[in-house]
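*Asks:* The structure's right below; bear with me while I get my questions together.
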Amino acid sequence: MNKPAIELQNLRKSFGLAEIIRGVDLNVVKGERHAIIGPNGAGKSTLFNLITGKLRVSGGSIKMHGEPVENLKPFDISRRGLSRSFQITNIFPKMTVFENIRCGLLWTMGYKYSFWTLVNRQPRLTERTDEILEQINMSSKRNDIAGVLTYAEQRALEIGITIAGGADIIMLDEPTAGMSHSETDYMVELIRGVTENKTLVMVEHDMGVVFDLADIISVLVYGEIIASDTPENVRADAKVQEAYLGSAADAEH
Amino acid sequence: MSKIKGMILGTIMTGLLGGVAYAADSVKIAFIDPLSGPVATTGTNGLAEWKFAAEKLVNEQGGVLGGRKFEIVAFDNKISPKESLIQLQVAIDQGIRFVAQGNSSGVANALTSAIKKHNKRNPDKRVLFLNYSAVDPALTNDKCNFWHFRFDANADIKMDALTDILAKDDGIKNVYIIGQDYSFGKAVAAAAVRNIGKKMPNAKVVGNELHPIGKVKDFTPYARKIMASKADAVITGNWGSDMVGLGKAIIQAGYKGPIFTYYAASNGITKTFGAEGKGVIRLVAEGAINPPASARTSDYINGFEAKYPDHDISQARIANAAEMLAKAIDKAGSTDVIKVAYALEGMEHNSIWGGKVKMRASDHQAIQNVHIQAHTDENITHALDNSAYGLVKENTVVNAAMDSPTTCKMKRP
Amino acid sequence: MSVVKKVSAESNTTAPWISASQITPWILAIVFLLILPLIFTSGSALTIMNQMAITIIFALAYNMLLGQGGMLSFGHAVYMGIGGFFCVHLMNMIEYDNLWLPLPFLPLFGGLFGLISAMFIGSFSTSRAGTVFAMISLGVGELIAASSIIVVAFFGGEEGIGGDRTMGPSTFGLDFASQIEVYYLTATWLVISALAMFLFSRTPIGRIANAVRDNEERAEFLGYSQRNVRFISFCASGFFAGIAGGLFAINYEILTEENLNLATSGSILLITFLGGVGFFVGPIIGAIVFTLLQTVLSLYTEIWQLYLGTLFVLTVMFFPFGLTGLIAIHLQPYKLGKISILFRPYLHMVVPAVVCVLSLSSLLEIAFHAKHAAIGEEQMSLFGIGFNSHSFLPWMIVIVLSIGSGWMIRRIAPGLNESWDEANYVEPRV
Amino acid sequence: MELFFVNILDGLVTGLLLFMLCSGLTLIFSMMGVLNFAHASFYMLGAYFAYKISTYTGFWPGLVIAPVLVGIAGALVERYGLRRVHQYGHVPELIFTFGLALLIEEVVQFFFGKNQMAYDEPHILDFTAFTIAGNAFPAYKVFMIFMAMAVFLVLLYILTRTRVGMIIQAALSYPNTVQNLGHNVPLVFMGVFGVGTALAGLAGVIAGPVLGTFPGMAAVLGSIVFVTIVIGGLGSLWGALVASLLIGWLQTFAASYNIVIGDVLMSIGFSKPVNIDDGAFRDLWTLTVSQIGPILPFLLMVLVLAIRPQGLFGKRET
């Protein structure tokens, strides 16, 4: 129980000669909402991709619940209870909303590669899918093709797919990017709701969202974590102010 | 789903089965050979020859059984065994009882075994198979059956004749054998090795190889090997573009000796070889057209060329097949295939190409004169491919391989 | 490929095990298959129907790859062929080695051998999707087609391996000598295989195969290994292709090199695409149309492949969802209750369109005849009308007809477009 | 030893010829993402056009006119066919070219018939350039080598020294970016497709007299062209060159030496079964390398793809 949900030690990643992640140490405690912020090009997405298995690490270690997971395949990491969303909407555009969510459920509900069960004859599966649709307020779009939804709806659907499997670690990559104010507010509430009692790691640019949601904020600059603390302390951190917040605040206006 | 299926099926099937109109009492012969696709050229040529033979040699002579005409019905088998079997079924449904096919021994093999089974299972709709060109020896040996008749000299017979001629030439010491890697190519190679070993004690086989059929782009490396082997003669069963490619490569590599072939003429091949092939390309076949055996022969060829300027008499045995079938039907007094088959067995026929053709009863293999012909532009009465070049008879083996053994155990009904 | 993919099977409540709407098409299809030979009794009709059934199974199996799994294969004939070759060998073992195996179960073994070969080749070919998969399938297809000529012991060389289906133990008193018995056997396997493939698409792995096709990365982050998903789809497809191969062995009693070669692999791709890859019934329609074109059209014209090629290119250009897609786009106006708007413009279009197609093909036929027919044989007949292909008048008529009908089509087209838009117009939701 | 040298030259001719086809295909693929299945059909068109022209004017005008005609045909296909299909995605595009290959073969047969065409080398080059140990090397093949070299150099110049070349190069490496650079992408596509098919046509003009001009000529080359660019690495011109030469030599040397597989098996420790006629593998023992020469490239491709999916020189995987 006292093992951190995610533990990075001296994590490194280079592309050719360019070292993008330069020795990151980070602990994400179970049950906390953890935001990673940093200026553009700091390596946030790379860090995400390393943790979730999309990229291979160049050095260092990643542990989930104390077990090393670096260089495992994405599906392997997913099976260990980590689920993620993407910066660019990443859904199954040709399927219905219902089916999108159901895809997120199949593995964890034990269907795996089954070819002897029919999906629409599984009451539990259908019920659970409908519950999640309810949770993300998309029951009315149940039978719509995902590709024709509005952007905000697709983002919500993406969150739905991400949490569907019941993973205890949820990683969201810029969940509110490109949204209007009202949409953002809605999304924050949605995230807050669906990640209750779970570990949340998110990358986010919108400082409002970050300070609203996060218990702990880590600041990534040029591939290194320069601060990792509560929102108040981070806000007060001189290094952060200098390296990031000042310029980011300027840029927002 | 089923509705659509029904509609389409209904419309087309009705068209298929109802739409074929034919003359009331003609004797129909199904011509099942490739008429489309990359190897269709020999198929369309064969069809023209069949049509002309039926017209000139049978129908204009008064037909069979006192006036019934031959009618050639073409079926495109796309050189596919599967399609051949489907088209065979369609032909049988149209009431056709005589099937002619020649291109590809693979198809012939599929047809002969299908016809054998069909005749056993449907005694009321028996069919006769007139094989006018497929020369795999197996068809009149292990795989022979009562319903199959071969009018061409098979690969073994042609090789037997060829080596009879070769054995007379003391200058030939080194023979190179090359062919396509499939049953026919292998049969040619085996027959060549066997016959050379038997008849030509002073000669040796300096090369014997197979190349993939229809896949070789450039034959130059093979030509280099032939040059390196110091061959005095090359023997090949290649046909189509494999023949042209191989022949041109060998000539261009500097080879001056003879290349003995089975199929290096017509369908554009003669024209393509042109001057280059003169003095090099030889062909072993039945039915030589230069010099023509008689005025009748010449008339026949001229008539054909006038009607089909793009085609040639490249498969002379088709004329024999048509005439012999007509004779057999008349002799049998009906088109009942068993009677016709018995009438064909042992039949002797004076060929329009000169000489006699005898349908050997023991294996249904036609025994006839086989000639060695040269590709040249001298002494040509009937040229090929609308060019100045053609084939001239150099040597003849009378009744080639008349007494050759056969493994056929003919079962007669 | 998404246009009208509606998943009607999903209903809000938990569905009863079988609903009438789901089972009706199947019952209809079975009844249809049962009465078909009563309408078309001739041997050739049965042969062609058998050929269709085999092609349908093969095309459905192929669509498990292309349509459902997004895998483009240029060598799928291999699995059907290998299944078929093993079946012929089994048939010969029945005949000569006293192997006890009733013929009706033979296709199952074809399926198993197809499955085994797919497992073997899939183990390395499915590790990637896209071009890499396509090219490996091409390479493997070529290799196996080439070895079919070289390895005579198993493939029989160019002449293939033949057998006799009637030598097995008699099943229900049938010896399968007659075409009609073979037809019912083939039809039974058609229903079983089509149903199994339909249900497969409704299983978790079937759904995830779709997911991997659409977005392989996302599927990986949901716990599924894209490679395993592709491998399983590939094996299942190989299994059903093998069943088709077994049925081929029973029908033709011979398997040859053509069952493995690239031309066969290519035509199954054409068939599936022609029918429409996005629909379960697509390959079925494609298989029927293609078989008719290949087997029946070729009886009437030597240039049938020209028509086939043209049809194919036009289909890809104008109806990329295939012939089924053409039907399916009418579902929307039908559901909106506006299909009747289309009747009149369609009626206006039918005559010029038919005239245009017929006159253009007549033009081709006349030109072909004039160019390639024998000297002196200037008479030809089209649609029962005899005329001289070298004379001026027929040329004039077909040219005028094609230009005229083409001009009519151009004139009518805008009106048709308008009606089409109107028929598809959805009232904005208030 | 002399034979070895002759084989090197023969392989060079085959390889360079293949390269002329592959260079166009690679250009098209890199720019447009289309694996053009009809590429060999344009090669066929080139040979047939040139043959037709040569019957009126002799060989040389055909050398220029035929590729231009093929290029125009290619550009028209792109403009009125491919561009339409482009919007549906890559698989329909590929299938479109697949159908096009079928159609072109039929159209050619419609007009030219089904016979082999007597398309010949020009008379002026119909002599033996030199002889190595009794092996004649025709002047026409020397001409082929020079033509292929010239094509390669011109391509290299255009790609590395001209503005158009820069755009194409950029497209090779960053296929998605060029769209955003403000170039008239449809025009570039049409041009590249036209030039690519014209190159195939030129290859047809040159190869027609040597490899034959007949209805199946596209099918013989068909898939080998893909195999070559896949082995070389999609989108790499140098890769196409290296793979073409590799395959040229591979096929030449495979055909040149009668290595029996059975001997190879025995040399690595297998023992030949006594009763060879009965075994299921009887054919394997008597097989020679020259028998399987033309399928070796496919084997090579499967191996390369299984180990290195991006090909020998490829940077990106598609």
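*Asks:* Return the residue satisfying two criteria in turn: it lies in the range C:230-246 and is more than 9 Å from every other protein chain (Cβ to nearest Cβ) and over 19 Å from the mean Cα position of the chain (by Cα), and of such residues it is surrounded by the most Cβ atoms within 10 Å (Cβ to Cβ). Before you say what the answer is, go through the steps one by one.
*Replies:* Initially, the range C:230-246 is screened for residues more than 9 Å from every other protein chain (Cβ to nearest Cβ), giving C:230-231, C:233-235, C:237-246.
Now narrow it down to the ones that are over 19 Å from the mean Cα position of the chain (by Cα): C:230-231, C:235.
Details: C:R230: 25, C:F231: 20, C:C235: 21.
That would be C:R230.
*Asks:* Which residue pairs have Cβ atoms under 7 Å apart, sit 6 or more places apart or on different chains, and have a first residue in the range B:195-206 that is more than 15 Å from B:A231 (Cα to Cα) and a second that is modelled with pLDDT under 90?
*Replies:* Between residues of the range B:195-206 that are more than 15 Å from B:A231 (Cα to Cα) and residues that are modelled with pLDDT under 90, there is no close pair.
*Asks:* Does B:A138 count as within 24 Å of B:M402 (Cα to Cα), part of a helix (DSSP H, G or I) and either modelled with pLDDT of 95 or more or within 13 Å of chain C (Cβ to nearest Cβ) (or both)? Outline the logic, then answer.
*Replies:* Values: within 24 Å of B:M402 (Cα to Cα): yes; part of a helix (DSSP H, G or I): yes; either modelled with pLDDT of 95 or more or within 13 Å of chain C (Cβ to nearest Cβ) (or both): yes.
Considered against the rule, which asks whether it is within 24 Å of B:M402 (Cα to Cα), part of a helix (DSSP H, G or I) and either modelled with pLDDT of 95 or more or within 13 Å of chain C (Cβ to nearest Cβ) (or both), B:A138 comes out as yes.
*Asks:* Would you check if B:F273 is part of a helix (DSSP H, G or I), under 28 Å from B:T44 (Cβ atoms) and aromatic (F, W, Y)? Talk me through it step by step, then tell me what you get.
*Replies:* Numbers: part of a helix (DSSP H, G or I): yes; under 28 Å from B:T44 (Cβ atoms): yes; aromatic (F, W, Y): yes.
Against the criterion (part of a helix (DSSP H, G or I), under 28 Å from B:T44 (Cβ atoms) and aromatic (F, W, Y)), B:F273 qualifies.
*Asks:* Where in the range A:127-215 are the helices (runs of 4 or more DSSP H), entirely inside, with at least 2 residues that are under 27 Å from A:N49 (Cβ atoms) and either within 14 Å of chain C (Cβ to nearest Cβ) or hydroxyl-bearing (S, T, Y) (or both)? I'd like the intermediate steps shown before the answer.
*Replies:* Working: elements: A:151-164, A:181-194, A:207-213.
The helices (runs of 4 or more DSSP H) meeting that bar are A:151-164.
*Asks:* Only one of these is facing chain A (nearest Cβ under 10 Å), of a type outside the set (S, T, N, Q) and free of Cβ contacts under 8 Å to residues at least 60 places away in the same chain: C:R227, C:R213, C:R218. Name it. Spell out the reasoning first.
*Replies:* Working: C:R227 fails: free of Cβ contacts under 8 Å to residues at least 60 places away in the same chain; C:R213 fails: free of Cβ contacts under 8 Å to residues at least 60 places away in the same chain.
The conditions single out C:R218.
*Asks:* May I ask you to say which residue of B:N195, B:N208, B:N174 is of a type in the set (S, T, N, Q), assigned by TED's automatic domain parsing to the domain that holds B:I372 and over 30 Å from B:V39 (Cβ atoms)? Break it down stepwise before answering.
*Replies:* Working: B:N195 fails: over 30 Å from B:V39 (Cβ atoms); B:N208 fails: over 30 Å from B:V39 (Cβ atoms).
Result: B:N174 is the single residue among B:N195, B:N208, B:N174 that is of a type in the set (S, T, N, Q), assigned by TED's automatic domain parsing to the domain that holds B:I372 and over 30 Å from B:V39 (Cβ atoms).
*Asks:* If you check B:L88, B:L130, which single one turns out to be assigned to a helix (DSSP H, G or I) and either in the same structural domain as B:V58 (by TED's automatic domain parsing) or hydrophobic (A, V, I, L, M, F, W, C) (or both)? First the steps, then the outcome.
*Replies:* Numbers: B:L130 fails: assigned to a helix (DSSP H, G or I).
None of the others qualify; the one that does is B:L88.
*Asks:* When you look at B:I338, is it assigned to a helix (DSSP H, G or I) and aliphatic (A, V, I, L, M), yes or no? Before the answer, list the steps.
*Replies:* Values: assigned to a helix (DSSP H, G or I): yes; aliphatic (A, V, I, L, M): yes.
Answer is yes for this residue.
*Asks:* Moving on. In the list C:S73, C:S44, which residue meets the criterion of being of a type in the set (S, T, Y) and in a loop (DSSP other than H, G, I, E, B)?
*Replies:* On the way: C:S44 fails: in a loop (DSSP other than H, G, I, E, B).
Every option except C:S73 fails the conditions.
*Asks:* Could you tell me which of the residues C:L174, C:L143, C:L138 is within 30 Å of D:G233 (Cβ to Cβ) and within 14 Å of chain B (Cβ to nearest Cβ)? Give the steps one after another, and end with the answer.
*Replies:* Working: C:L174 fails: within 30 Å of D:G233 (Cβ to Cβ); C:L138 fails: within 14 Å of chain B (Cβ to nearest Cβ).
Result: C:L143 is the single residue among C:L174, C:L143, C:L138 that is within 30 Å of D:G233 (Cβ to Cβ) and within 14 Å of chain B (Cβ to nearest Cβ).
*Asks:* Could you list, in sequence order, all residues of the range A:151-188 that are closer than 24 Å to A:T126 by Cα and among the hydroxyl-bearing types (S, T, Y)?
*Replies:* Residue satisfying the conditions is A:T162 alone.
*Asks:* Taking the range B:91-117 as the region of interest, how many residues are assigned to a helix (DSSP H, G or I), in contact with a helix residue (DSSP H, G or I) (Cβ under 7 Å, 6 or more places away or on another chain) and of a type in the set (A, V, I, L, M, F, W, C)? Write out each step before concluding.
*Replies:* If we filter the range B:91-117 for residues that are assigned to a helix (DSSP H, G or I), which is where we start, we get B:91-93, B:105-117.
Those still in the list that are in contact with a helix residue (DSSP H, G or I) (Cβ under 7 Å, 6 or more places away or on another chain) too: B:92-93, B:105-112, B:114.
If we keep only those that are of a type in the set (A, V, I, L, M, F, W, C) as well, we get B:92, B:107-108, B:110-111, B:114.
The number of residues fulfilling the criteria is 6.
*Asks:* Are any residues in the range B:75-90 surrounded by fewer than 24 Cβ atoms within 10 Å (Cβ to Cβ) and either more than 8 Å from chain C (Cβ to nearest Cβ) or out of contact with any helix residue (DSSP H, G or I) (no Cβ under 9 Å at 6 or more places or on another chain) (or both), and if so, which ones?
*Replies:* B:I79
*Asks:* Residue by residue through the range D:123-151, note down the ones that are aliphatic (A, V, I, L, M), outside any strand (DSSP E or B) and crowded, with 19+ Cβ neighbours inside 10 Å.
*Replies:* Looking only at the range D:123-151, we keep the residues that are aliphatic (A, V, I, L, M), and these are D:124-125, D:129, D:132-133, D:136, D:139, D:142, D:144-145, D:147-151.
Next, from what is left, pick out any that are outside any strand (DSSP E or B): D:124-125, D:133, D:139, D:142, D:144-145, D:147-151.
If the condition is that a residue be aliphatic (A, V, I, L, M), outside any strand (DSSP E or B) and crowded, with 19+ Cβ neighbours inside 10 Å, then D:M144, D:A148, D:V151 are the ones that fit.
*Asks:* Among the residues of the range D:57-111, write down those that are more than 28 Å from C:F368 (Cα to Cα), within 19 Å of the chain's Cα centre (by Cα) and more than 9 Å from chain C (Cβ to nearest Cβ).
*Replies:* Within the range D:57-111, just D:L63 meets the criteria.
*Asks:* Count, please, the residues in the range D:21-37 that happen to be part of a loop (DSSP other than H, G, I, E, B) and of a type in the set (V, I, T). Before the answer, list the steps.
*Replies:* Keep residues of the range D:21-37 that are part of a loop (DSSP other than H, G, I, E, B), which gives D:33-37.
Of the ones still in play, those that are also of a type in the set (V, I, T) are D:34.
Adding up the residues that qualify gives 1.
*Asks:* If I filter the range B:183-207 down to residues being within 24 Å of the chain's Cα centre (by Cα) and not hydrophobic (A, V, I, L, M, F, W, C), which single residue comes out as surrounded by the most Cβ atoms within 10 Å (Cβ to Cβ)?
*Replies:* My answer is B:G185.
*Asks:* Here is a further query. With the requirement that a residue be in contact with a strand residue (DSSP E or B) (Cβ under 8 Å, 6 or more places away or on another chain), facing another protein chain (nearest Cβ under 10 Å) and part of a helix (DSSP H, G or I), what does the range B:229-246 give you?
*Replies:* Within the range B:229-246, B:D242, B:M243 qualify.
*Asks:* Could you run through the range B:345-388 and say how many residues are outside the structural domain of B:F129 (by TED's automatic domain parsing), charged (D, E, K, R) and within 20 Å of the chain's Cα centre (by Cα)?
*Replies:* The number of residues fulfilling the criteria is 1.
*Asks:* Among the residues that make up the range A:116-124, is at least one of them at the interface with chain C (Cβ under 9 Å from one of its Cβ atoms), charged (D, E, K, R) and buried (at least 23 other Cβ atoms within 10 Å of the Cβ)?
*Replies:* Initially, the range A:116-124 is screened for residues at the interface with chain C (Cβ under 9 Å from one of its Cβ atoms), giving A:116-123.
Filter once more, so that each one left must be charged (D, E, K, R): A:121.
In the following step, the residues that additionally are buried (at least 23 other Cβ atoms within 10 Å of the Cβ) were identified as none.
Scanning the range A:116-124, I find no residue that is at the interface with chain C (Cβ under 9 Å from one of its Cβ atoms), charged (D, E, K, R) and buried (at least 23 other Cβ atoms within 10 Å of the Cβ), so the answer is no.
*Asks:* Another question, if that's okay. Only one of (1) closer than 25 Å to B:S266 by Cβ; (2) part of a strand (DSSP E or B) fails for B:A388. Which number is that?
*Replies:* Of the numbered conditions (1) closer than 25 Å to B:S266 by Cβ; (2) part of a strand (DSSP E or B), the odd one out for B:A388 is (2).
*Asks:* Criterion first (surrounded by fewer than 21 Cβ atoms within 10 Å (Cβ to Cβ) and not basic (K, R)) does C:F58 satisfy it?
*Replies:* Working: surrounded by fewer than 21 Cβ atoms within 10 Å (Cβ to Cβ): no; not basic (K, R): yes.
No, not satisfied.
*Asks:* Look through A:A152, A:A167, A:A177 and report the one residue that is closer than 23 Å to C:Y224 by Cβ and not β-branched (V, I, T). I'd like the intermediate steps shown before the answer.
*Replies:* Details: A:A152 fails: closer than 23 Å to C:Y224 by Cβ; A:A177 fails: closer than 23 Å to C:Y224 by Cβ.
That would be A:A167, the only listed residue that is closer than 23 Å to C:Y224 by Cβ and not β-branched (V, I, T).
*Asks:* Looking at (1) away from chain C (no Cβ under 14 Å); (2) touching a residue at least 40 places away in the same chain (Cβ under 8 Å); (3) on the phi > 0 side of the Ramachandran plot, which one does A:A42 not meet, given that it meets all the others?
*Replies:* That leaves (3) as the condition not met.
*Asks:* Out of everything in the range C:247-303 that is touching a strand residue (DSSP E or B) at 6+ places or on another chain (Cβ under 8 Å) and free of Cβ contacts under 8 Å to residues at least 60 places away in the same chain, what residue ends up being surrounded by the most Cβ atoms within 10 Å (Cβ to Cβ)?
*Replies:* Once the filter is applied, the top-ranked residue is C:S298.
*Asks:* Pick from the range D:207-231 the residues that are at the interface with chain B (Cβ under 7 Å from one of its Cβ atoms) and not hydrophobic (A, V, I, L, M, F, W, C): which of them is farthest from the chain's Cα centre (by Cα)?
*Replies:* D:P215
*Asks:* Please specify each residue of the range D:232-252 satisfying the condition of being of a type in the set (A, V, I, L, M, F, W, C) and either away from chain B (no Cβ under 14 Å) or in contact with a Phe, Trp or Tyr (Cβ under 9 Å, 6 or more places away or on another chain) (or both). Spell out how you get there, then give the answer.
*Replies:* The initial filter retains those residues of the range D:232-252 that are of a type in the set (A, V, I, L, M, F, W, C), namely D:234, D:237-238, D:240-243, D:245-247, D:249-250.
Once the filter is applied, which keeps residues that are of a type in the set (A, V, I, L, M, F, W, C) and either away from chain B (no Cβ under 14 Å) or in contact with a Phe, Trp or Tyr (Cβ under 9 Å, 6 or more places away or on another chain) (or both), the range D:232-252 yields D:L234, D:L237, D:W238, D:A240, D:L241, D:V242, D:A243, D:L245, D:L246.
*Asks:* Being out of contact with any strand residue (DSSP E or B) (no Cβ under 6 Å at 6 or more places or on another chain), in a helix (DSSP H, G or I) and in contact (Cβ under 8 Å) with a residue 12 or more places away in the chain narrows it down to one residue among D:V91, D:V85, D:V70; which is it? Give the steps one after another, and end with the answer.
*Replies:* Numbers: D:V91 fails: in contact (Cβ under 8 Å) with a residue 12 or more places away in the chain; D:V85 fails: in contact (Cβ under 8 Å) with a residue 12 or more places away in the chain.
Selected residue: D:V70, the only one of D:V91, D:V85, D:V70 that is out of contact with any strand residue (DSSP E or B) (no Cβ under 6 Å at 6 or more places or on another chain), in a helix (DSSP H, G or I) and in contact (Cβ under 8 Å) with a residue 12 or more places away in the chain.
The values are calculated or read from the model by the stated rules, or taken from the named source; none is laboratory data. A quick note: this is a predicted structure, and the numbers were derived from the prediction, not measured. Heads up, the Cβs are rebuilt from the backbone with ideal geometry, glycines too, and the neighbour counts pull from every protein chain shown.
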